[in-house]
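This report concerns only the one structure given below.
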Amino acid sequence: MAENLNFDWDRGNTGHIAGHGITTSEVEEVFANDPADIGFETVEGEGRWTVIGHTDSLRFLVVVWTMRGSDVRPITAFEAGKRLREAYVAARGL
């Protein structure tokens, strides 16, 4: 999936996710590993999706993102909490 996606990265969103100890590569891996949708909301007229997924090294992340034109723009990313992580692992059989 991520192979066909273009990501919109700049200092704003890369700095924000770096503050959570996460890299842009890890966020892109989450998309490549078929994340699960866990929420949607509209913020200031913009649709934002929330997904949980895993990196290639099995780090479990929550990513909030939007579409900017044809690009995926990650807003934030952070470690999934224990309950959410356990539910995701059980559902995916990891």
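Think of the chain as having a plus end and a minus end, set by charges on the Cβ of Lys, Arg, Asp and Glu; of THR66, LEU94, TRP49, LEU94 sits farthest toward the positive end of this dipole.
Using a cutoff of 8 angstrom between alpha carbon atoms and counting only pairs six or more residues apart, the relative contact order for the chain works out to 27 percent. Among the listed values (1) 1.78; (2) 1.11; (3) 1.02, the one matching Cα Rg over 2.2 N^0.38 Å as calculated from this structure is (3). Put in order of Cβ neighbour count within 10 Å, fewest first, the listed residues VAL43, VAL51 become VAL43, VAL51. Phi-derived couplings, Karplus 6.51 cos²θ - 1.76 cosθ + 1.60 at θ = phi - 60°, listed residue by residue for region 9-24: 10, 8, 4, x, 7, 5, x, 5, 6, 4, x, 9, x, 10, 9, 4 Hz, with x used for Gly and Pro. The angle separating the long axis of helix 82-92 from the principal Cα axis of greatest extent in the chain is about 80 degrees.
Charging the Cβ of each Asp and Glu at -1 and of each Lys and Arg at +1, and nothing else, the dipole of the chain about its Cα centre rounds to 340 debye.
Here, each number is a calculation from the coordinates, and none is a lab measurement. Note that this is a predicted model, so its numbers are computed, not measured. Reconstructed Cβ throughout: ideal geometry from the backbone, glycine too, with neighbour counts over all protein chains shown.
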